[in-house]
Amino acid sequence: MALRRAPRRGTLSARAARPRRRQLDRQSTTPDRGSEPSEFCPGTVHDLLSTQARARGDAIAIAGPGRLPLSYVELLRRVDLLRAALHDAGIERGDRVAYLLPDGADTAVVALSVASTAVAAPTNPDLPPQAAGRLLKRLGASAVIVPEGLADGDIGDIARSLGIACIGLRSRRSGIAGDVELLAKSAPRARTSSSPQPGDLALIVTTSGTTSEAKLVPFRQEHLLKRALRLAAVCSLTATDRQLILTPLYVTFGLCTGLLSTLVAGGTAICGRRFNGRDALEWCAETSPTLLGGSGGMLRELLRAANEAPSVVPTGTLRRIIHGASPLSSADASALERLSGARVFCIYSMTEASPITTTPEPPRTHRPGSVGVPAHDQIAFLDDDGRILPPGSTGEIAVKGETVFEGYLDDAPANAEAFVNGWFRTGDLGYLDKDGYLFLVGRTKEMINRGGAKVAPAEVDEALISHPDVADAVTFPIAHPRLGEDVAAAIVPAPGRQPSSRDLRLYAAERLAPHKVPGRIVFVDRIPRGPTGKPQRHALATALGLPAPGVAGGGRVAAVAASAIAPESRTSTIWDMLAEQAALRPDRLALAETDGLALTYRELADSIASLRSQFHALGLGRGNRVALIAPSCVETAVVILAAMCTSAVAPLNPTAHDTEIQAALSRLHPDAVLAHHSYLPRFADTLAASNVALISIGPGLRLSAEGASKPAAGVREPDRSPPEPTDTGLLLLTSGTTGRPKIVPLTQRHLRHRAWIVAESFGITEADRRLNFAPVYHITGLSGGLLCQLHAGATTILSDGFEPSRFLREVERHGITYYLAPPAVHRSIVETVRSDGGRAKLCSLRLAVSTSAPFGPELRAELGALLGVTTINSYGMTEVPEIATSPLSTPADKLASVGVPRMHEVAIFGDDGRVERAGEVGEVRVRSEYVFSGYENDPEANAEAFADGWFRTGDLGYFDEDGYLYLVGRTKEVINRGGAKIAPGEVEAALASHPGVAEVVAFPIPHPRLGEDVAAAIVARPGAAVSVAELRRHAASTLSANKMPHRILLVDSIPIGPTGKPQRLKLAQQLGQSSGAASAMERDVPEPVTDTLEQHLLDIWKDALGVPAVHLDDDFFTLGGDSLVAARLVTAIGSSVGRELPISMLLQAPTVRELAATLPDFKVFKCLDVTHLFGFPLITDHC
């Protein structure tokens, strides 16, 4: 059809006499015509609108957030005006008109207008222009409607090159819904009076197939309205309902289940804009819907937002939440029902047939795992040959009936495959139970269902193969813990080429819709194929060692498989990762503080680029290294990332003692020290003595050289090129059995691999929000926390420390989905929830991970049951990430295990150097490309750490018959105090410097919460009078708080072994300290107390420590006190005396007698930092 166009640009207005401005009424303004949808069966979309305009009059038909509503009468008037405008633009009955428009009420009016005039072809507005052009050509479109600003852009040029008219749409967003103008070149002409008839096509919707081309699903006018009537009936829609539509209007769930079914019932369709969970809650508050419809993925996001802001959850009007397109777990459905008070209603459908099954109405109940009962159409189950199976059999689901489409448009091969003897084959496998409930068990077709969005693998193949560096590509599904399935692609590089995952994803993003871009790209030498030469897509995940859809649990992965599935090519760096995320999800929140700065991925990348320039201006670039002393906050995280993307960085613990900082600098030999401006006074002398250039980190991330020295002075021009994968990016200090720390250098490649491994182990997606109370300068907070979140495109929320009640508030406020902590913190959470409640505040949590030390089986089971979360152990160390991790579904009899190896070869070696069999205890050793390459400048430590290519962890353990790893102890003497690793030699050196000490041995003792605590046995010099309190004060002058021995024993001699050396691991038993914390109830009754303050303190101590009696001279730490107990105790004391007290007071006055003597003047307490008693902050010290 030739469209006649005038040389001038005309404005075709749909703005008739503007009705008075009014707000959306919550009730209809015309009498209620009954609770059921009208009995009429309109023949066309225009018939529907005309009938409802007469019947419903001024009742609200369409509304939208921020828009004035549109009545049924006004809707018909505007549709007729747009019909006239379309006719003036040359559109006639039977013409196919596509529209690429953003979601909202205006698009709903346009959709109804086009379907009342010609044939509507709604199209995803996110399609790249080239892909949209190909689809327009397949549709045989006469015209395409796009937002005004795009009509003269790429899509307009492509359309016109195909002979397709491009019509701009001007929306007045602040006015009435549907207040739009069509902008087109037109000429006056005789207007046709022909209107669509019931048998004419009304709608063509695209649906992905297993081939690269989308299939076209046509709907005739009468068929479309019959489907809408059926949906209105099964959803129990009435004229008083107001349905908030979350799904886009270019898919049938939004168009039919949402818009048309609501209009058929005479209700109000509230059309949301582009979906966002928090915005959707605000729409609910603004429009007071009675129904809400969206995909399972959308409802999960809505649930997360609701947990973050429960005060705006609609509970008064909402009666039903409808979901389809993708599954919603029973747990999520129950959580939604609890929060909203509405019933969650499932519709199993597809573009070709809807509804197939629905949640039954009372008195029948929903059955967990089921998608409901058949909704009137016939349903059968077919075998591979298309024959109907007996009742109760599992087979391919097939349907027939009046709401099943007639066949794909102009696609005979697809129709021959889709229909057999009149039955439409859905491609889904399932069965009916004895009560008629349908259960889905899988699919026969190759379509990838990514959280409800269907992806055709061949379409992705085609896009990837067009890249010049790709020789072959096959797309396939992999399991995803949140989406169900994700898109993966196996790539064979072209000869001599090394494409990167980042480049291929960005390349694909220019040609595919966002949900079709592979989330995982693996590089292989060849692609496994079946006997016919075709790739077996659903077997590829298993063949490549990736999680296959529908396969639960996990197992050991061979090193060759792990190597084959590395997330990036060998050209990947941290900067590559950040740049890719900024391009893929620029506006997603990347990093935030609980009450402070927040950065999106774009803002993070921009900040890092700015800091790189400042580094270069100060003479620092590739090949340099810097040390960092700064608090744990968003700004510090950005500086660390920027330093990684410029040179190499060694983050230091700012709570360490001056002597420890000085020792670290002497080992690291940095080119400069970056220090937060607030720390400059404290470390001024130490940094001056190190003779290293000092750079201050000022407000707003401004870097400046301090003093006379400038890094650039007298130094060659810095290398401004970005780091290479083999360059060192991070330097970490780790304790050994001696007092000298070892330096662990990690390359850019190692850091990327670590981020990937952790993200895979925990099932992290971009929807996750992690609460990070491990500081960003600690391995747990940096590599195991921040980097893995950035790799997944997820959000990290930084907390300034752990305190139980604050934890509950932060999880609720930010919608936290998972957290990592040592067992002591998990135990504190359990105790807090049990004593104070707060379970409802943790609805968003899905995962709790124990790190630094494994859960005990009892604690793990208790925490999982109490919070309703998955609990896993994560076993790794600074040198090796994620040696073993619990599967996300761990059998009950494996709770004591630390999990199964995922990315490494792990073996148990006996004393004879041979690998032990299952059940035999030996040393855990690891090897893979992800193990660090060795300690820096420390051949002695490397000789001890590596044996025949295996890294020696120093941990003792065994494998069971199923490949689960269990830890039973250690061969090395490092003390693991609640996750903080402490070198005994360092503690001994601090105590031995006291003039009254002759001998000292530090050793581990059991602790009921920390697992291990630090103790020291001391032999005094002859004639010296030393006290435990004096020794503790002396140690505090050189040791950081987490290394302080909390039990000091004065002994006559120290037991030694046959070789003449003390056996640290046996000292606790030899000195009678093996039973854990000493208890006052094991001794005499405490002496009578006459001092009121002392008695008051004794009562508080007994309550906090959970012991029946306390002596005045009992040491807090000897009684089993730790940082968590100390926080409660100090809070209680502070409340009783009306003062805010520092927790550090217990280090200087650890007994009731000492505390009572100094409490009247609490300012005598020196502000000792105790925020690292667990290796990362647990409480905030107030001074």
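The values are calculated or read from the model by the stated rules, or taken from the named source; none is laboratory data. Note that the coordinates shown come from a computational prediction; the quantities given were computed from them, not determined experimentally. Virtual Cβ from ideal backbone geometry, glycine too; neighbours counted across all protein chains shown.
L75 - would you say it is more than 23 Å from P218 (Cβ to Cβ), touching a residue at least 24 places away in the same chain (Cβ under 8 Å) and buried (at least 24 other Cβ atoms within 10 Å of the Cβ)?
So L75 passes the test.
Where in the stretch 41-156 are there strands (runs of 3 or more DSSP E), lying wholly inside it, with at least 1 residues that are among the charged types (D, E, K, R) and under 30 Å from V517 (Cα atoms)?
96-99
Among the candidates L162, L201, which residue alone is surrounded by fewer than 17 Cβ atoms within 10 Å (Cβ to Cβ), in contact with a Gly (Cβ under 8 Å, 6 or more places away or on another chain) and of a type outside the set (V, I, T)?
On inspection, the qualifying residue turns out to be L162.
Please specify each residue of the stretch 447-500 satisfying the condition of being modelled with pLDDT of 90 or more and of a type in the set (D, E, K, R).
If the condition is that a residue be modelled with pLDDT of 90 or more and of a type in the set (D, E, K, R), then D469 is the only one that fits.
Considering only residues that are in contact with a Leu (Cβ under 9 Å, 6 or more places away or on another chain) and among the aliphatic types (A, V, I, L, M), look in the stretch 905-953 and name the one that is nearest to L668 (Cα to Cα).
So the residue we want is V924.
Testing I816 on (1) hydrophobic (A, V, I, L, M, F, W, C); (2) in contact with a helix residue (DSSP H, G or I) (Cβ under 6 Å, 6 or more places away or on another chain); (3) not in a helix (DSSP H, G or I), one condition comes back false. Which one is that?
Tallying (1) hydrophobic (A, V, I, L, M, F, W, C); (2) in contact with a helix residue (DSSP H, G or I) (Cβ under 6 Å, 6 or more places away or on another chain); (3) not in a helix (DSSP H, G or I), I816 fails exactly one: (2).
Within the stretch 822-849, track down each residue that is small (G, A, S) and part of a helix (DSSP H, G or I).
A824, S828, S835, A840
Could you identify the single residue in A824, A861 that is buried (at least 20 other Cβ atoms within 10 Å of the Cβ), of a type in the set (A, V, I, L, M) and in contact (Cβ under 8 Å) with a residue 12 or more places away in the chain?
A824
Looking at A232, is it touching a helix residue (DSSP H, G or I) at 6+ places or on another chain (Cβ under 7 Å), modelled with pLDDT under 95 and more than 16 Å from L135 (Cα to Cα)?
Yes; evaluated as a whole, the condition is true for this residue.
Among the listed residues E361, E337, which satisfies the condition of being in contact (Cβ under 8 Å) with a residue 24 or more places away in the chain and either surrounded by fewer than 19 Cβ atoms within 10 Å (Cβ to Cβ) or within 30 Å of L139 (Cβ to Cβ) (or both)?
E361
Quick one: would you say V639 is in the same structural domain as L701 (by TED's automatic domain parsing), crowded, with 20+ Cβ neighbours inside 10 Å and not in a helix (DSSP H, G or I)?
For V639, the condition - in the same structural domain as L701 (by TED's automatic domain parsing), crowded, with 20+ Cβ neighbours inside 10 Å and not in a helix (DSSP H, G or I) - is not met.
So how many residues does the stretch 947-980 have that are farther than 23 Å from G913 by Cβ, of a type outside the set (S, T, Y) and surrounded by 18 or more Cβ atoms within 10 Å (Cβ to Cβ)?
6
When the stretch 155-186 is examined, which residues are found to be more than 17 Å from L75 (Cα to Cα) and modelled with pLDDT under 85?
Hits for the stretch 155-186 are S174, A184, K185, S186.
Scanning for something exposed (fewer than 15 other Cβ atoms within 10 Å of the Cβ), assigned to a loop (DSSP other than H, G, I, E, B), modelled with pLDDT under 75 and of a type outside the set (S, T, N, Q), does the stretch 1120-1129 turn up at least one residue?
No: the stretch 1120-1129 contains no residue that is exposed (fewer than 15 other Cβ atoms within 10 Å of the Cβ), assigned to a loop (DSSP other than H, G, I, E, B), modelled with pLDDT under 75 and of a type outside the set (S, T, N, Q).
Which of the residues that make up the stretch 1050-1067 are modelled with pLDDT of 80 or more and not acidic (D, E)?
Within the stretch 1050-1067, L1050, V1051, S1053, I1054, P1055, L1067 meet the criteria.
Tally up the residues in the stretch 906-953 that are within 25 Å of S783 (Cβ to Cβ) and assigned to a loop (DSSP other than H, G, I, E, B), please.
Count: 12.
List every residue pair whose Cβ atoms lie under 8 Å apart, where the two residues are 6 or more positions apart in sequence or sit on different chains, the first residue falls within the stretch 594-606 and is free of Cβ contacts under 8 Å to residues at least 60 places away in the same chain, and the second residue, located anywhere, is assigned to a loop (DSSP other than H, G, I, E, B).
Matching pairs, first to second residue: G596/C633; L597/C633; T600/P586; T600/D587; T600/R588; R602/P586; R602/D587.
Pick from R1032, R1047, R1083: which is among the basic types (K, R) and at pLDDT below 80?
R1083
Name the residues in the stretch 723-771 that are acidic (D, E), over 30 Å from R806 (Cβ atoms) and at pLDDT 85 or above, would you?
Hits for the stretch 723-771 are E724, D727.
When you go through (1) at pLDDT below 85; (2) in contact with a Ser or Thr (Cβ under 8 Å, 6 or more places away or on another chain) one by one for V898, which number turns out not to apply?
Every listed condition holds for V898 apart from (1).
Given (1) crowded, with 20+ Cβ neighbours inside 10 Å; (2) modelled with pLDDT under 85; (3) outside any helix (DSSP H, G or I), where does A998 come up short, assuming only one miss?
Evaluating A998 over (1) crowded, with 20+ Cβ neighbours inside 10 Å; (2) modelled with pLDDT under 85; (3) outside any helix (DSSP H, G or I) leaves (1) as the failure.
Please go through the stretch 883-895 and pick out each residue that is buried (at least 24 other Cβ atoms within 10 Å of the Cβ) and either in a strand (DSSP E or B) or modelled with pLDDT under 90 (or both).
A884, T885, S886
Here's the yes/no breakdown for (1) assigned to a loop (DSSP other than H, G, I, E, B); (2) modelled with pLDDT under 80; (3) among the polar types (S, T, N, Q); (4) not assigned by TED's automatic domain parsing to the domain that holds V1028:
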position: K1102; (1), (2), (3), (4): no, no, no, yes
position: V1110; (1), (2), (3), (4): yes, no, no, yes
position: T1118; (1), (2), (3), (4): yes, yes, yes, yes
position: I1133; (1), (2), (3), (4): no, no, no, yes
position: T1158; (1), (2), (3), (4): no, yes, yes, yes
position: F1174; (1), (2), (3), (4): yes, yes, no, yes
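Can you find a residue in the stretch 501-519 that is closer than 30 Å to W575 by Cβ, polar (S, T, N, Q) and out of contact with any His (no Cβ under 8 Å at 6 or more places or on another chain)?
Yes, some residue in the stretch 501-519 is closer than 30 Å to W575 by Cβ, polar (S, T, N, Q) and out of contact with any His (no Cβ under 8 Å at 6 or more places or on another chain).
For the condition touching a Gly at 6+ places or on another chain (Cβ under 9 Å), part of a loop (DSSP other than H, G, I, E, B) and more than 24 Å from S721 (Cβ to Cβ), what is the one hit in S632, S704?
It is S632.
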